[in-house]
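Reviewing the structure listed below.
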Amino acid sequence: MASWKLLEVHTEDQTPHKWCVSLSEETFKRMFSHGSPAVHKIFGDGSLFSPLLFGKFFDPSDAFPLWDFESDVLLSNLRSSGKTSIDWYQTDDAYVLKADLPGVGSNIVQIYVENGKVMEISGQWKPQGDQSKTKDWRSGRWWEPGYVRRLELPEDVDWRETEASVSNDMVLELRIPKNTSNSSTSGSGIITKHSD
């Protein structure tokens, strides 16, 4: 039986300096080739946080217009090989994203909406054992212990009503309702939808 936990959707970045270093393709290849099993699980084929998720290198800290593309088309190669753990689609009243989270140590997932236009899904994991003494992002190792994916929000969303939840600490589900009115609002603080 699945255990769901609602996540808070922040409108102020809780850790604003974490993604200051852009990820280049060369840096990613070097990091990935020497990476631990945790790095391979987080950034490997089919992961929401992989820079190669969309078929070519794309820095996950750059916003991507996910819902402009059909998941069946964009992920066709990964799906045919059974390597994907992500899906997105839209219904008449909402945009939906489902993705497996990296199952490494303890995950802390954050959802942040920037100016009502970009949604950032980021996480940090608490490395197990003695691995906790790794260098941080300022040394060029920003991926340890964190990951990010930034997505452009469609213009017709009511992002303030976003529902974000995690099932069994392993599956993220986002539901972003479509706007029923044409008014756009901005704000700050936290959209509180939480349990536990």
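The values are calculated or read from the model by the stated rules, or taken from the named source; none is laboratory data. For clarity, every value in this text was computed on a predicted model and none was experimentally measured. Positions of Cβ are generated from backbone atoms using ideal geometry, with glycine treated the same way; all protein chains shown enter the neighbour counts. Note: accessible area is taken over every heavy atom of the protein model, side chains too, but ligands, DNA and RNA are not part of it. Shrake-Rupley method; radii C 1.70, N 1.55, O 1.52, S 1.80 Å.
Residue pairs whose Cβ atoms lie under 9 Å apart, sitting 6 or more positions apart in sequence or on different chains, and linking a residue in region 162-175 that is more than 11 Å from V9 (Cβ to Cβ) and assigned to a loop (DSSP other than H, G, I, E, B) to a partner that is modelled with pLDDT under 85 and open to solvent by 50 Å² or more (accessible area, probe 1.4 Å), are N168/A2; N168/S3; N168/W4; D169/S3; D169/S106.
Open to solvent by 30 Å² or more (accessible area, probe 1.4 Å), touching a residue at least 60 places away in the same chain (Cβ under 8 Å), assigned to a loop (DSSP other than H, G, I, E, B) and not basic (K, R), is that true of D13?
Numbers: open to solvent by 30 Å² or more (accessible area, probe 1.4 Å): yes; touching a residue at least 60 places away in the same chain (Cβ under 8 Å): yes; assigned to a loop (DSSP other than H, G, I, E, B): yes; not basic (K, R): yes.
Taking the combined requirement at face value, the residue satisfies it.
Per the conditions (1) modelled with pLDDT of 50 or more; (2) open to solvent by less than 80 Å² (accessible area, probe 1.4 Å); (3) over 13 Å from the mean Cα position of the chain (by Cα), the sole criterion not satisfied by N182 is (2). When L75, L7 are checked against the criterion of being more than 23 Å from I111 (Cα to Cα), surrounded by 13 or more Cβ atoms within 10 Å (Cβ to Cβ) and within 18 Å of the chain's Cα centre (by Cα), L75 stands alone in meeting it.
Please enumerate the residues belonging to region 22-34 that are farther than 16 Å from R149 by Cβ and in a loop (DSSP other than H, G, I, E, B). Can you show your working first?
Restricting attention to region 22-34, the residues satisfying the condition of being farther than 16 Å from R149 by Cβ are 24-27, 29-34.
If the condition is that a residue be farther than 16 Å from R149 by Cβ and in a loop (DSSP other than H, G, I, E, B), then S24, H34 are the ones that fit.
Touching a helix residue (DSSP H, G or I) at 6+ places or on another chain (Cβ under 7 Å), at pLDDT 90 or above and within 27 Å of K29 (Cβ to Cβ), is that true of W143? Judged against the criteria, W143 is not a match.
Pairing each residue of region 21-47 that is at negative phi and modelled with pLDDT of 80 or more with any residue that is assigned to a loop (DSSP other than H, G, I, E, B) and aliphatic (A, V, I, L, M), provided the two are 6+ apart or on different chains, yields C-beta distances under 6 Å for K41/V104. If a residue must be more than 13 Å from K83 (Cβ to Cβ) and in a loop (DSSP other than H, G, I, E, B), how many such residues does region 35-71 contain? Number of matching residues: 16. For region 110-121, filtered to residues that are in contact with a strand residue (DSSP E or B) (Cβ under 6 Å, 6 or more places away or on another chain) and open to solvent by 30 Å² or more (accessible area, probe 1.4 Å), the residue that is modelled with the lowest pLDDT is Q110. None of Q131, Q124, Q90 is of a type outside the set (A, V, I, L, M, F, W, C), open to solvent by 60 Å² or more (accessible area, probe 1.4 Å) and at pLDDT 90 or above except Q90.
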